[in-house]
Structures are given as C-alpha cells and as structure tokens.
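Note sheet for the following structure.
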Amino acid sequence: MTLLSTAGLTRKFAGLVAVDGVDMAVEVGSVHAVIGPNGAGKTTLFNLISGLVEPTSGSIDFNGNDISRLPVHARAGLGMARSFQNIRIFSAMTVLENVLTGLHSTITAGVGAIVLRLPGFHRAEKTAVERARMALELVGLSSKSELLAGALPYGDQRRLEIARAMAAHPRLLLLDEPAAGMNPAETSSLAALVRRIRDAGTTVLLVEHDMGFVMDISDAVTVLNFGRRIFHGPPGAIRQEPAVIEAYLGKKMAARLAARKDGQKAIAP
Amino acid sequence: MLSQQLVNGVLLGATYALFALGFTLMFGVLRVINLTYGFYFSAGAFIALFATRQWGFSIWLALPLAAIGSGLIAVLLDWLLLTRLRAKGAPELASLMVTLGAVLALYSAMTLLFGPDIRRLPPDVIGADALVFAGIRVTQAQFLVVGTTAVLVLALVALMRGTRLGVGIRAMAERPDAAELMGIDTARLAALVSFLSGFLAGAGGVLIGLNFNAIQPYMGEQMMLRGFVVIIVGGLGDLRGALIAGLLLGVIEVLTAGYLDSGLKEAVAFAILVAVLWTRPSGLFGQAVLRRA
Amino acid sequence: MTYPPWLDDFLWTYQNVIHALGINGLLALSMYVVLAVGQLSLGQAAFMGLGAYSSALMTLKLHLPFFVVLPASCVVPALFALAIGVPTLRLSGVYLAIATIGLGEVLRAIYLNLDVLGGALGLSGIPQRTETWMIYLLLIVAIAVLWRVGHSRIGRAMEAMREDPNAAQVMGVNVQRYRLGALVASAVLAGVAGALGAHASNFIGPNEYGFEPAVTILSYALLGGIGTPFAPVLGAWILTLLPEVLRGFSDFRGVFNGLIIVLAVLFLPNGLLALRMKRRAA
Ligand SMILES: Nc1ncnc2c1ncn2[C@@H]1O[C@H](COP(=O)(O)OP(=O)(O)OP(=O)(O)O)[C@@H](O)[C@H]1O
Ligand SMILES: [Mg+2]
C-alpha cells in the first residue's frame, strides 16, 4: 500500500529546475531513501512534500488525499513530520518544551480552558508531557529534558529533532541527512533508532549521503540527479544501474578536476 | 483644468519618485527597511537652508551640497547602526527597529536644536515667474524638480547598467552570498548604496522644501507615508516600479485634491497601499520578488 | 468606589501619573503580544487613537454609558488590524511594519482634516468616566491572561514561531492564525487603553497618536524585554516615571526613548528583565 506518492512533481527557481517531474511512491511501513549528488534537489523535494515550497506543477498524494496545496501546518495534522538538514531546534527552549511543541496539534485545550485553567487544560498538558517524555526516551535524551536545547552537543540536537518530530506518532517521518556529521558509532545507533521508528509503525523517508547507512536500512531507494529521478527500486539493484554510476562518477571526476584547478578547494561528493 | 492638474501631478510625483528611489534601492540591495531614510530628507532641506540663508549660496550650489551632505550622513548612520547587525546576520526586523529608534532620536534632537517651526528658503533663491505653455503653468521651482529628478534617474540608470559598480550592486541585490564569493567588497558596496540613497533623499528634501516652501525637522517623517506607498505599489526593491508608482501617486493626489477633497489625499494613498497588499503584494509592475514570511 | 482617605489624597495628587502608568502598561502589553509572535507592529499608537476617537464619539455624540463604550472601543481598532493584518501577515515582517507606520500617519491626517473629529483642535469636553481601579483591574486581568496563555501550548507555539516560523509550521502551528490573533488582540488592548485615556483626560488631539508615541510604546517593550508579560510593563513604568523624577528630562524624551531602542536592539536583545517563562505543566 502506498502512503505517499508524487506525480510529475516539479519546482523551478529562477531558471533552475530543482525538482523535475519526479514520480515517486513510498510504501507504508518502509524505510525509503532518497539519494543523489549535492544540489540534486533532495531537500527541495522534502520541502515540497512538507509544504515549505510550493510546486510549480505536479501533485502530491498523502494517504489518499491530494495535499499539493495544503498549508504546512495542516500537513502536520495529517500525520507528517520532518527534521531539517541544518538543525532547526528551538534553541532558547528547553529540550522538553521543544518536544511539546511537536505535540502542538494533539493538545486539545482551547483558549478558554487555558485562560480559566479548566481541568481540561491540566489533563491535556499532563498527557502531552507524558508523550513528550516517551519520545525523549525513544531517542535516549530523557536525562536532559530540562536543559536548554541550544546548549546540547550536536549529536543530541539531531536526536532532539527526531524526538520532536516523533512525539505525535506521525504516519510519515522525513529525515534530511540525519547522519550528517556523526561518527560511525553514532551512525549505527541512528540506524537502530530508524528501525525502531519503522517497527513502531511510522514510515520513514530519508535523504542521506552515507551510502553504507542507506544500504543498511532502506527497503527502497530513489536516486535524483539534476532534479530528475534516475532510479527507483530496491537498494541492491543500484550498483547495476549505469545511470546512477555515471551520475556519481561524473560528479567525482568533475570535483577532482576542479580540485586540481583551484588548489585545495575540493568539494567532497 | 485637467491638463494643468495632470502636469502638476507629474511634477509632484517626480519628487515622490525621487524620494522613493533611494528608499527602495536601499531595501533592494541591503535588505533593510532603513527608517532613518526620512531623516536624510530633512537633513538635505536643512543643509540647503543654511547654505542659502547663512552662507548666501545659490540654489545651484546648495542643492548638490545638500545631496552630498545627506549622502555622507546616510553612510555614517548605516555604519553606526547596521554594520554590526549585518555582520551577525540579524533578522530584518531588528535592523528596522534600530533605525526606527535612531530616527526618532534624530528628529527629536533636530527639533531641540532648530525648533519645530516652519522655515523657508530665501525668496530670491529661485525666480518666481512661471512659464506658460499652451495654457499650462509651470513654475521655475517645478522645472528644477523635474529636471533634477530626470538627471538623477538617468544617472542612476547609467550607473546601474553601465558600470562595474552597478553590476556589483545588482549582483548583491540578487544574491548577497554569491556576491561575497565573487569577491565583491560588500561592506564598501553597502557604504556606496547608503551614499546614493542619502544623496537622492537629500536632493528630494531640497526640492520639496523649495516647491512647498516649508522646511521643518519632521518633514521627512511626513514624507515617509508616500515613500511606503510608492515602494509597496512599485514592489519592494524595484527601481523602475518606484519611478512609475511615484509619478502615479503624484497624479492621483492632485486629482483627489481637485475633484474630491484635499484632506483625503493621505487616505486615498493609504487605501491604495492596502489594496495593493491585498491583491498584488509583490507590486503592480512585477519585477520585485515577493518576500514571504 | 470609595477609597480610604490617605489613599484618596494620594490618588488625587498623583492622579495623572497613576493613570499614565496603568495605561502605558496596557500599551506595553499590546506591543508585547505582537513581538511575542515575532512580528513588529508600529501601529499601537494608531490603534490607541482609534479606540480613543471612537469611544469619545460614542460618549459625546451617542451619549452611550461608559460600560458600553469601553468594551465597544476595541471594535474599530480590531477591524483595522484585520484589514492590515490579513494581507501582510503571510509575507515577510517588513510589510506589517510598513503598513502599520503608514496607518499612524494616515490617521493623523484624517483626524486633522475631518470636522467631525475636531480637526487640529481635537475633541474636548470628554466627560471623565475612567476610574483608577478600572485601569488597574484591566491591567491585572491582561497580565494574568497573557501569563496563562504564555504558559500553555499557545505560548510554546508563539515562542517557536518567533524563533523559526517555518519549523513551527512543520510542528503543526498555524502561524498565520496566531499572528493575526496576536495583532487583533494587541489592537484590542491598545484600543481599550485609548478609550481609558480619552475618558481620563477630557481632551484628545491628533498628535497624541502619531509617530513619537508609536515609537515610545515600542521602547517600553524593548526596554523591559518580552520574556514575560511583566517585563514590558516594567519598561513602561520606568520610561513613564523618568520624566517625572528628572526635571527637564521631558525635553529630551524623544531622543532618550529612541536611543533606548537602538541600544536595546544592539546590546540588550532580551531587555532588562531577561527572564523567560518556563512552560511545563508540573
Ligand atoms: N530557495 C531557493 N532559491 C533558489 N534556488 C534554490 C532554492 N532552494 C534550492 N535551490 C537550488 O535548487 C537546487 C537543489 O537544491 P537542494 O537543496 O534541493 O539540493 P540537495 O539535493 O538537497 O543538495 P545537498 O545534498 O547539498 O543538500 C540547488 O541548485 C539549489 O541552489
Ligand atoms: Mg539538501
């Protein structure tokens, strides 16, 4: 069964086609990876799915609804959550408050209940705090719930972002380069976390450059290059796909040539 | 008479356009709504006032002096208030607030120094007799307004299109990060853009002071409403849009005063601002990029 | 309401200052509400003026009782807030700031030019209906409501959208609705403050709601900070008392209040009371 699918999804930025007619289907209960060279349009694809960027054309279907024109917050309400490539936690809030923010639309108390401190308010807050603590436990941050989020070390901030996204038990979790900047030990514990998330019933769509990680945990892979989908299938089939090899090798050659030209400024693929 | 009113409207609109050009240039390149802008306008008028009254300069000397003086004030204020925030990459509302506080302090200080009263340029600073073509009267002051605006607009266009500096400015307006990478000295460019804006505002202050023969510290503040209307209707950061919108606003104001009530000028201008925000917030002429939240 | 004699004396002697402290406190709160969602409205003085003029007209022309006039004084400011807020709040913050400064300027021109509004002379002979207790009751209620809203999911959402509106939206926060709600609430607070001021002072004029008051209200909130609703009120009180305490200060008030904003933004981004509220229930 398909949870998320895109059809002809396209986004242009002033003359540049960042995402170009992408068709993609994400199966319920799978871990689906999107890979591709730098600038291939992966983050733009995530922004289109979560609604931060509007499509130039094409459509997005989520759980049977056409969400292409739905505002961002409403997509969250349908069970979509995400993390960002450059960490975007609320650094002036505590860790627990960050996760509570992720529960915003599940807390039902209205303005009246809040101002009058009706029993409904206290009940809703209590449930939310319990759920937030569960999410922190999932990522192993329980002991740091009262710290300021901005004061956490990098790896913890990444995990906090996942906890915040997972708090409301979304149907779909989008992770944009969750392993970036992690050492091998952290990466493997992240892989375990992603599996736990999938086993708890959340479908995961992730962008990652770490190929070992991708091969290890994904059930399906989509490869983008210059905004276009050049491959779609099980991870085992990637190595045989000439288009993918060319995209990566071509990129590497270009990077090597550029490195020879301007001295040291080699850009790692 | 309609044709006389249209001419008056274009003449008035020319000063609005001149005023708004610097404002929108500043926003387009530096990405800041710099509210000290209105102060350059007042400063220009006061410099011209002193140059003509105290030192006996002619208007031909006082006008460029005032423009250059205001330009330098703009550079100084930008440096004092905004370099720090720019370096930090502070949010645009922080810069807006700093310039807001500064401009209140500046107007208040100016009022303490010079008093709130309306002052006038010497009566003989420009000839009083009007020229009449085909029944349409144009005063010499109005001629000066249109002439100066035309010269400054042409010079600005030449600068932006024809020089390396202009290319740098446009590069910075479009992609500030890329401009930095291309080796453009953004700090110097910021100073230059501030100077240009201050120059345009200062010249506008002298011309309005001349045209309405009234100079007082808060005159720049009172001009800001027009500035806002023009830069929104023209599209934030859009020079061509500001030029057209400025002329249009002048005509609309003159017609409002002629056919409705002169007390409604500001209300009509503001209604246009709000209507554009509702319908086409990126401006009527479609070059500016809409800045979303 | 009757007060004990010593209090009555005190209130009589310092009545103007006491009223100003309460009303400026309400204005500071109206600024706080907007800043708390990461927006900047420079229309607080304009909203106050709309409340003042509309309430004065209701009293003078329609002879309505004050208990009707006071709550009704928020209607016109709220409508203006909607007309400006709906189109601008989906855009970058500079649009709201620009439109609200413009609102202040245009209203001043309208007050000056419309005869019903008294022109440059303003409206005078407004009966004194405002009692000190009304001002302070409203101030306390406003602080209590804002405190409680701040300590809830709404408060968390507000802080989140102040820090990163896109991330907040991804969390399911309807950023636009909160912004609009905040702007309308702030217009309501400012409008009521305007009505209280108008019925405390007998006279209102176009210059009381112009550029300088608009900036001054911002300086209250920036001096105090926006960590809790007490902070902006404290800022308002300091800046209201200074000219009373320091002789000859009032000439320099504009310079001083303007510089407060410059210094606060550059060097004191969290205000004097750099506290922030914790929003966890138990
Ligand atoms: N808001 C924007 N405005 C203009 N161009 C953009 C914008 N966002 C992305 N782009 C461009 O679109 C292209 C795709 O960018 P995107 O961030 O989606 O790539 P990516 O695959 O995520 O790359 P990376 O691996 O480096 O994260 C790039 O050329 C980028 O410069
Ligand atoms: Mg990316």
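The values are calculated or read from the model by the stated rules, or taken from the named source; none is laboratory data. Bear in mind the structure is a predicted one, so any value in this text is a computation, not a measurement. Virtual Cβ from ideal backbone geometry, glycine too; neighbours counted across all protein chains shown.
Odds and ends about this structure:
- Number of the exception - A:GLU241 against (1) within 16 Å of ligand 1 (Cβ to nearest atom); (2) surrounded by 15 or more Cβ atoms within 10 Å (Cβ to Cβ); (3) not hydrophobic (A, V, I, L, M, F, W, C): (1)
- From C:VAL69, C:VAL94, residue being within 14 Å of chain B (Cβ to nearest Cβ), under 21 Å from the mean Cα position of the chain (by Cα) and over 30 Å from A:ALA168 (Cα atoms): C:VAL94
- If you go through segment A:73-106 and keep only what is surrounded by fewer than 23 Cβ atoms within 10 Å (Cβ to Cβ) and away from ligand 2 (no atom under 16 Å from the Cβ), you end up with A:HIS73, A:ALA74, A:GLY77, A:LEU78, A:GLY79, A:SER91, A:ALA92, A:MET93, A:THR94, A:SER105, A:THR106.
- Matching entry among A:ARG164, A:ARG123, A:ARG158 (being outside the structural domain of A:PHE46 (by TED's automatic domain parsing) and within 16 Å of ligand 2 (Cβ to nearest atom)): A:ARG158
- Residues within segment C:133-162 that are over 21 Å from C:VAL192 (Cα atoms) and surrounded by fewer than 19 Cβ atoms within 10 Å (Cβ to Cβ), tallied: 1
- Just one residue in the set C:GLY197, C:GLY205 is crowded, with 23+ Cβ neighbours inside 10 Å and more than 30 Å from B:PRO91 (Cα to Cα); that residue is C:GLY197.
- Screening A:VAL26 on (1) within 11 Å of ligand 2 (Cβ to nearest atom); (2) of a type outside the set (Lys, Arg); (3) within 14 Å of the chain's Cα centre (by Cα) shows it passes everything except condition (1).
- Checking each residue in segment A:73-102 for being in a loop (DSSP other than H, G, I, E, B), closer than 16 Å to C:PRO165 by Cα and more than 16 Å from ligand 1 (Cβ to nearest atom) picks out A:ILE89, A:PHE90, A:SER91, A:ALA92, A:MET93.
- Count - residues of segment B:36-67 that are within 14 Å of the chain's Cα centre (by Cα) and either surrounded by fewer than 24 Cβ atoms within 10 Å (Cβ to Cβ) or assigned to a helix (DSSP H, G or I) (or both): 11
- In this structure, C:ILE217 does not satisfy being modelled with pLDDT under 90 and crowded, with 21+ Cβ neighbours inside 10 Å.
- Qualifying residue in segment A:31-45 (condition: of a type outside the set (Asp, Glu), more than 14 Å from ligand 1 (Cβ to nearest atom) and in contact with a Gly (Cβ under 8 Å, 6 or more places away or on another chain)): no
- Screening B:ARG84 on (1) at pLDDT 95 or above; (2) over 15 Å from B:PHE199 (Cβ atoms) shows it passes everything except condition (1).
- Boolean, B:SER70 is modelled with pLDDT under 95 and of a type in the set (Ser, Thr, Tyr): no
- Extreme residue, farthest from ligand 1 (Cβ to nearest atom), among residues of segment A:1-30 that are among the aliphatic types (A, V, I, L, M) and in a loop (DSSP other than H, G, I, E, B): A:MET1
- Residue within segment A:188-195 that is within 16 Å of ligand 2 (Cβ to nearest atom) and either at pLDDT 70 or above or within 30 Å of A:ALA74 (Cβ to Cβ) (or both) present: no
- Residue in segment A:38-61 that is surrounded by fewer than 16 Cβ atoms within 10 Å (Cβ to Cβ), not aliphatic (A, V, I, L, M) and not in a loop (DSSP other than H, G, I, E, B) present: yes
- Cβ separations smaller than 8 Å between residues 6+ apart or across chains give no pair from segment C:30-59 residues that are of a type in the set (Asp, Glu) to residues that are at pLDDT 95 or above.
- Answer residue from segment B:283-293, given it is crowded, with 19+ Cβ neighbours inside 10 Å and either within 11 Å of chain C (Cβ to nearest Cβ) or modelled with pLDDT under 65 (or both) and is farthest from C:GLY85 (Cα to Cα) among those: B:ALA288
- Selection within segment B:143-156: residues that are without any contact (Cβ under 8 Å) to a residue 12 or more places away in the chain and within 15 Å of B:LEU25 (Cα to Cα). The member of this set that is surrounded by the most Cβ atoms within 10 Å (Cβ to Cβ) is B:ALA155.
- Sub-8 Å Cβ pairs linking a first residue in segment A:20-44 that is closer than 17 Å to A:ALA180 by Cα and of a type in the set (A, V, I, L, M, F, W, C) to a second residue that is part of a strand (DSSP E or B) and near ligand 2 (Cβ under 9 Å from one of its atoms), at least 6 apart or interchain, are A:ALA33/A:VAL207; A:VAL34/A:VAL207; A:ILE35/A:VAL207, ordered by first then second residue.
- Residue in segment B:253-275 that is within 25 Å of B:VAL146 (Cβ to Cβ), acidic (Asp, Glu), crowded, with 24+ Cβ neighbours inside 10 Å and away from chain C (no Cβ under 11 Å) present: no
- The single condition from (1) at pLDDT below 95; (2) under 24 Å from A:ILE67 (Cβ atoms) that A:VAL207 fails is (1).
- Residues of segment A:52-72 satisfying the condition of being farther than 21 Å from A:ALA163 by Cα and either within 13 Å of ligand 2 (Cβ to nearest atom) or facing chain C (nearest Cβ under 10 Å) (or both): A:VAL53, A:PRO71
- Those residues of segment A:161-204 which are within 16 Å of ligand 1 (Cβ to nearest atom), within 27 Å of C:ARG156 (Cβ to Cβ) and away from chain C (no Cβ under 14 Å), in sequence order: A:GLU177, A:PRO178
- Residues of segment B:206-218 classified as assigned to a helix (DSSP H, G or I) and either at the interface with another protein chain (Cβ under 10 Å from one of its Cβ atoms) or surrounded by 24 or more Cβ atoms within 10 Å (Cβ to Cβ) (or both), total: 5
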